[in-house]
Amino acid sequence: MSAPIAAIAASLHRERNRMGLSLAELARRAGVAKSTLSQLESGTGNPSVETLWALSVALNVPFARLVEPVKPRVQLIRAGEGPKFSSDTADYVATLLASCPPNARRDIYLVSAQIGEPRRSDPHSPGVVEHVILSAGRALVGPTDEPVELHPGDYISYPGDAPHIFEALNADTSAVLVSEHV
């Protein structure tokens, strides 16, 4: 697969998924055959400018987004930087590391907690799943009725749409929390 065709294939697939469209629905909206779109997404087609233009209009993206490879973005947040959110009831601070970009469905936090009152969370939106990797210290993490003791390097995933808890068992406990909106 040549570089431009590979970029087009990846872009079409990415943008179609971003819009939540099936192959058939995007083909219908763009006025192209489903088989043509399938070939383009698999990297075996040879699209005309008219076909790509129709697809870019149907996807509501600039033409260039379909033909240029995505350039990786580097984002750096140094330790101690980033917006911080403190708990009113626990010695718990969540620093936002990466907010959910448009059409993605996750946020990433760095959690810093101290021994004392645990951070009790009410249920979030339906379908939310939380992922926690403990970096330092020890903590009880997970569903309020069944938290699990984590040690550095441990990972837990649990429903965020049910009551849950983060309780530091050591001073200077820290973790990475990913809130996934499914």
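Things to note:
- Reported count of residues in the range 14-70, each being free of Cβ contacts under 8 Å to residues at least 24 places away in the same chain and open to solvent by 70 Å² or more (accessible area, probe 1.4 Å), is 9.
- Figure legend. Inter-residue proximity from the range 150-161: first residues over 10 Å from V132 (Cβ atoms), second residues acidic (D, E), beta-carbon distance below 9 Å, spacing 6+ or different chains. Indicated pairs: P159/E130; G160/E130; G160/E180.
- In the range 105-119, the residues that are under 13 Å from N170 (Cβ atoms) and among the β-branched types (V, I, T): I115
- Hey, D91 in contact with a strand residue (DSSP E or B) (Cβ under 7 Å, 6 or more places away or on another chain), farther than 23 Å from G80 by Cα and either of a type in the set (V, I, T) or open to solvent by 40 Å² or more (accessible area, probe 1.4 Å) (or both) or not: no
The values are calculated or read from the model by the stated rules, or taken from the named source; none is laboratory data. Note that the structure is a prediction, hence the values are computed from the model and not measured. A quick note on method: Cβ atoms are made from the backbone with ideal geometry, for glycine too, and the neighbour counts reach across all protein chains shown. Note: accessible area is taken over every heavy atom of the protein model, side chains too, but ligands, DNA and RNA are not part of it. Shrake-Rupley method; radii C 1.70, N 1.55, O 1.52, S 1.80 Å.
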